[in-house]
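Asker: Pasting in a structure now, in structure tokens, and then I'll have a few things to ask.
The values are calculated or read from the model by the stated rules, or taken from the named source; none is laboratory data. What you see is a predicted model; the values in this text were computed from it and never measured. All Cβ positions, glycine included, derive from the backbone under ideal geometry; neighbour counts span all protein chains shown. All accessible areas refer to the heavy atoms of the entire protein, side chains included, with ligands and DNA or RNA removed. Shrake-Rupley method; radii C 1.70, N 1.55, O 1.52, S 1.80 Å.
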Amino acid sequence: YASQSGLEYITFLDNIWEGAGHYNVSTLWGGHDGLSAAVAKIKAAGLKAGMHSMSGNIVKTDSYVTPIPDPRLAKTPGLSRTLAAAIGENDTWIPLVESPAGLPVPYGVQQPRLGAEMQIGSEIVRYASINASAPFGLNGVERGMYGTTRAGHHPGTTIDHLAQMYNGYLPDPNTTLLDEIGANLAWAYRSLGMSMIYFDGLEAHSLTGPAITGAPLSRAPGVAEAGLHQAFWEALDGNDALVESSSSSGPLWHLNTR
């Protein structure tokens, strides 16, 4: 049908992946070998194949999250709090030293854009509501989310809000994780024989702030969106790519051009 319609590309959407982060090919496609065979058929028909990605929005079942969260997951600037008293592994009330005002408030059955999940040590928790007046704290807390381990925690422990969008966590752009995810995408792209990539959900990285000058792998300074593109290109080993993105910014002009 693509050939008869005069199209040049067939792009696979994100059901080809087990999840964003490591970008392993789903068993729905017979794994890496199965998808490679599908791409080979597309090429044999005189067409090119493309792949969709969620641009480093790390799915919560990925090994970057569970069973031990990678320390390079992005924490939302300004939303860290401090544990006011010791809590046990089954406690659903988390007392805080500072007011939780400013933390995203869940609504209905959905979570807000920034999510209502926090990391205490190697445990991820989700709160149902906040107590913004004394006594400060988080209510209705679900413990040990996504296969992380429930644990007791000492007073004075920092509780970090995990940055997320589209129900996925984000990499801290000032660590090597952004580069690692870009390299994961580049490996999948090269090894599957792709000719096009769509960086969907790229705007999510605006939540993590700008990448610092002199970041890992000599990444061009600028916003994290450009950092992910740069990491992908640096790991592409000279392979060509047609690139589309769901958003753009000044530092992307030389990476997102066709």
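Asker: Would you point out which residue out of GLY34, GLY115, GLY102 is within 27 Å of the chain's Cα centre (by Cα), under 28 Å from LEU242 (Cα atoms) and not polar (S, T, N, Q)?
Answerer: GLY34
Asker: Then there's this: Could you tell me whether the stretch 31-42 includes any residue that is of a type outside the set (Lys, Arg), out of contact with any Phe, Trp or Tyr (no Cβ under 7 Å at 6 or more places or on another chain) and part of a loop (DSSP other than H, G, I, E, B)?
Answerer: No; the residues of the stretch 31-42 include none that is of a type outside the set (Lys, Arg), out of contact with any Phe, Trp or Tyr (no Cβ under 7 Å at 6 or more places or on another chain) and part of a loop (DSSP other than H, G, I, E, B).
Asker: Let me ask another. For the stretch 234-246, which positions are in contact with a helix residue (DSSP H, G or I) (Cβ under 8 Å, 6 or more places away or on another chain), open to solvent by 30 Å² or more (accessible area, probe 1.4 Å) and not charged (D, E, K, R)?
Answerer: Of everything in the stretch 234-246, those that are in contact with a helix residue (DSSP H, G or I) (Cβ under 8 Å, 6 or more places away or on another chain), open to solvent by 30 Å² or more (accessible area, probe 1.4 Å) and not charged (D, E, K, R) turn out to be ASN239, SER246.
Asker: Out of LEU185, LEU138, LEU192, report the one residue that is under 26 Å from ASP14 (Cα atoms) and more than 17 Å from the chain's Cα centre (by Cα).
Answerer: LEU192
Asker: Something else about it: Suppose we keep only residues that are in contact (Cβ under 8 Å) with a residue 12 or more places away in the chain and hydrophobic (A, V, I, L, M, F, W, C) within the stretch 18-37. Which one would you say is nearest to LEU73 (Cα to Cα)?
Answerer: Filtering the stretch 18-37 for residues that are in contact (Cβ under 8 Å) with a residue 12 or more places away in the chain and hydrophobic (A, V, I, L, M, F, W, C), the one nearest to LEU73 (Cα to Cα) comes out as ALA20.
Asker: Restrict the check to the stretch 180-199 and report whether at least one residue is in contact with a helix residue (DSSP H, G or I) (Cβ under 6 Å, 6 or more places away or on another chain), open to solvent by 10 Å² or more (accessible area, probe 1.4 Å), in contact (Cβ under 8 Å) with a residue 60 or more places away in the chain and under 21 Å from SER53 (Cα atoms).
Answerer: Checked the stretch 180-199: at least one residue is in contact with a helix residue (DSSP H, G or I) (Cβ under 6 Å, 6 or more places away or on another chain), open to solvent by 10 Å² or more (accessible area, probe 1.4 Å), in contact (Cβ under 8 Å) with a residue 60 or more places away in the chain and under 21 Å from SER53 (Cα atoms).
One line per residue, one yes/no per condition, for (1) touching a Phe, Trp or Tyr at 6+ places or on another chain (Cβ under 6 Å); (2) outside any loop (DSSP other than H, G, I, E, B); (3) more than 18 Å from GLN164 (Cα to Cα):
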position	(1), (2), (3)
GLY46	no, no, yes
PRO69	no, no, no
LEU79	no, no, no
ALA85	no, no, yes
SER99	yes, no, yes
GLY102	no, no, no
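Asker: Something else now. Is it the case that the stretch 42-62 has a residue that's surrounded by 19 or more Cβ atoms within 10 Å (Cβ to Cβ), under 16 Å from LEU192 (Cβ atoms) and either under 16 Å from the mean Cα position of the chain (by Cα) or at pLDDT below 95 (or both)?
Answerer: Yes, the stretch 42-62 contains at least one residue that is surrounded by 19 or more Cβ atoms within 10 Å (Cβ to Cβ), under 16 Å from LEU192 (Cβ atoms) and either under 16 Å from the mean Cα position of the chain (by Cα) or at pLDDT below 95 (or both).
Asker: So, one more: Any idea which residue in the stretch 196-218 is modelled with the highest pLDDT, counting only those that are closer than 18 Å to GLY250 by Cα, part of a helix (DSSP H, G or I) and of a type outside the set (Gly, Ala, Ser)?
Answerer: LEU202
Asker: Would you list the strands (runs of 3 or more DSSP E) that sit entirely within the stretch 110-192 and hold 3 or more residues that are within 23 Å of ARG72 (Cα to Cα)?
Answerer: 117-120, 123-126, 158-161
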